[in-house]
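Contents: one structure, followed by commentary.
Computed from the coordinates by the stated procedures, all read-outs in this text should not be read as laboratory data. Values in this document were obtained by computation on a predicted structure and should not be read as measured data. Virtual Cβ from ideal backbone geometry, glycine too; neighbours counted across all protein chains shown.
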Amino acid sequence: MRMIIAAAALAASACAFGENPIVHTWFTTDPAPMVSGDRLYVYTGHDDDGADFFWMNEWRVYSTDDMANWTDHGTIIDLGDFTWADDRAWAPQAVERDGKFYFYVPAHSSLTGGMAIGVAVADNPTGPFRDALGKPLFDDGSWDNIDPTVFIDDDGQAYLAWGNPTIHMARLNDDMVSFKEDPVLLDITEEGFGAPMLRDQKVKGKYKDCYTEGPWLTKRNGRYQLLYAAGGIPEHISYSEAASPFGPWKYKGIIMPNQDTGSFTNHCGVVDYKGHSYFFYHTGKLPGGGGFGRSVAVEEFEYGKDGSFPTIMATDKGVEPIGVYSPYGRRNQAETMASSHGVKTEPNAKTGVYVSEVHNGDWTRLRNVDFGSEAKAGKLKVKAASALQGGVIELRADSIGGRLVASVSVPDTGGWEEWGEFVAEAAPISGVHDVYFVFKGMKGPKLFNFDWWELKRD
């Protein structure tokens with residue numbers, strides 16, 4: 001009976017949510033998608049576990065090439081890398097220019113006591129990023145310097161916008177770390193954003209909407225579009241259009257209405273990738289989540305013929321894969337996954353990111369794994385480390401209790417980062433399957449850390 005109950009609990013945990021949120025190991029916030037080469041990268045903030053406010057100390061990035069399986073690249077930069085910042089690593093955005101990657105962040109400034117906009121730079125979309133200036137890009141002591149959005153126009157001119165409850169707009173120089181002229185404040189009017197600024201609203205006035213924060217600047221059909229969190233608390237997502245980034249703007253309506261997402265804030269980013277259009281946002285739907293424990297989600301959508309946005313509703317289902325995952329001919333990182341239960345990820349300067357906090361009954365899952373048309377036996381090799389008694393890594397097809405393809409024993413290796421490589425026979429398998437790595441061992445203690453796996457055919 002205990003085994004039946006345990007199996008039922010595992011099945012329930014696997015079906016508790018669909019493909020949203022896209023990251024289950026950590027709380028992730030304020031998604032900023034960016035395409036580079038053949039991959040889609042999503043830069044995020046990170047809500048601390050158990051937080052009672054927006055206590056955030058680092059920025060992370062995840063990437064995919066199939067919209068199903070996401071690789072965790074870990075922390076790319078944190079507050080400690082900005083000597084002038086001492087708190088509040090809030091909503092960022094990245095952009096690529098001339099082979100370099102520029103990352104714009106808001107953080108609390110120890111210089112002025114307000115929020116400030118900083119910029120970091122890297123030679124790779126996954127970093128490491130470094131503070132490009134050693135000082136804020138913009139810091140006037142105000143608290144409204146949050147949520148920067150960056151956009152490079154067709155003619156190469158780059159724009160940076162940010163603010164709550166204002167909207168600052170500026171042109172960047174080609175170096176991406178300085179302004180062509182001083183930033184200006186956009187006119188927030190009823191025609192442009194559904195309502196004037198809060199200070200200008202009539203006490204008993206009724207308005208269609210109101211800009212709050214989190215701007216995202218983009219362009220469609222020759223028209224600039226500014227998406228933003230709107231309506232105060234709770235927030236929905238709306239947008240406006242203009243012939244110039246400096247306006248005048250015209251309010252266009254709500255994109256994502258208020259709904260039961262478990263989060264009273266929202267923050268969006270949109271991107272086109274491999275012929276599909278995607279809308280990223282965040283919810284509070286992970287177990288233990290909420291308004292200060294948010295998680296990134298994504299929906300696919302189609303623009304109207306005139307470039308307008310449809311109404312987009314939050315779903316648990318998420319998006320469909322746009323490719324298959326081939327496990328052969330490469331070292332597969334354990335931190336690449338579609339979903340998981342129980343585990344975390346951690347970085348090591350030598351090893352990179354790996355799966356940690358593995359306990360009995362935990363699992364990770366990959367979607368749409370293509371084993372080819374011919375079933376052949378083979379071998380499964382894993383790299384793992386344990387400071388205790390270790391455990392077992394099972395590779396199963398289609399479900400947590402599905403067909404057992406391989407079972408690898410991981411012994412005590414002498415430390416949580418004392419790595420060993422372990423091999424087991426793998427049964428013949430063909431076709432496309434979801435794959436589960438199911439972790440088993442003594443109930444209660446941590447079992448091992450898991451870095452990568454290889455599958456080879458005989």
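Before moving on, here are some points about what is shown:
- Relative contact order %, the chain, counting alpha carbon pairs below 8 Å whose residues are six or more apart: 13 percent
- Evaluated over region 378-454, the Cα radius of gyration and Dmax, each in Å: 12.6, 38
- Shape of region 18-301, Cα gyration tensor, a/c cut at 1.5: rounded
- Close amide-amide hydrogen proximity is noted between ILE255 and ILE237, SER238, TYR239, each under 5 Å apart and 5 or more residues distant or on a separate chain (H modeled in the peptide plane; Pro and chain starts excluded).
- Region 43-94 - Rg (one decimal) and Dmax (whole number), Cα, Å: 12.5, 38
- Cβ-Cβ FRET estimate between LYS305 and ASP48, R0 fixed at 45 Å, reported to 0.05: 0.55
- Working from the Cα coordinates of region 17-143, the gyration tensor eigenvalues give, after taking √(5λ), semi-axes of 25, 19, 10 Å in decreasing order.
- Sequence of VAL184, VAL298 once ranked by neighbouring C-beta atoms within 10 Å, starting from the fewest: VAL184, VAL298
- Percent of Cα pairs exceeding the 28 Å cut-off, where the set is region 320-458: 12 percent
- Angle in degrees between helix 2-14 and the longest Cα principal axis of the chain, rounded to the nearest 10: 30 degrees
- Between amide H atoms placed 1.01 Å from N, distances below 5 Å from GLN93 occur with TYR104, all of them 5 or more places distant or on a separate chain.
- Helix-only mean residue ellipticity at 222 nm for the chain, each DSSP H run of n ≥ 4 adding -39500 (n - 2.57), per residue, nearest 500: -1000 deg cm²/dmol
- 19 Å cut-off, amide nitrogen to a point 7 angstrom out along MET197 Cα→Cβ, residues in region 161-189: 161-171, 182-189
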